[in-house]
Amino acid sequence: MRNRGLSLATDLKSFFEDEIRLTLSRQGVGISPPTVEYLASVLAKFGDTKNLLKPEDFDENGQASRQGLPTLALLWLEGLANPAPFERLVQMQHLGDVSLFMTGFFAENLERRALDMDYSIAMGARAYETAGKIRESLAAERTLNVYFELASEFRRLVEVFAEVSDRAKLHDAKALLRLYERWLETKRPRLHRMLAEEGIIAAERAFENGPSDPRRKA
């Protein structure tokens, strides 16, 4: 009999792999299959928000020993301070994963704070690049190093995660209206494309003569 938890995690990862491939195609972003698989594993992992913390952040009873999530800066400093290269790699990987997930899946909270988003993107990309360099120094043979691709494409991958998150919320008219309002506020091309795909606005008229308001009847 299959372990139920393992089965659920596997199914969730497969679901996210399909969603990521579709989103990459919509956005015209090309990345390697191992990186697609890695991204799906990040989303599946953080399906349980406890995984935003590291194992050492829990006590022997499984209770979180920290109040709230550590800051990206603290994760960076903890990673740099670790003298063991492999453990430092794991910590930098965790920092990259957390930054990618939080910046992408909660993009709406950061869209009005461009500095916060740029900071999170810079920290995540730097963490993955550092993890890549550590892995390269430890590897006995040359293998595909997904960390470097994650670092170089980090900003675009944030948009991929953000679209996966936004599409999961498009279940009623209220959600579509909120998406439209976000587009009015930010003029992000991704939001315009999603609205056009939903038939809310015409693709050809994205920025011509200003948008028409779907709340106003013709």
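Order the peptides 26-39, 71-84, 156-169, 93-106 from the highest to the lowest mean number of other Cβ atoms within 10 Å of their residues.
93-106, 156-169, 26-39, 71-84
Looking at this model, which pairs from K45/K174; K50/K169; K50/K174 are more than 24 angstrom apart at the alpha-carbon?
K45/K174; K50/K174
Here, each number is a calculation from the coordinates, and none is a lab measurement. The structure displayed is predicted, hence computed values, not measured ones. All Cβ positions, even for glycine, are placed from backbone atoms using ideal geometry, and neighbour counts span all protein chains on display.
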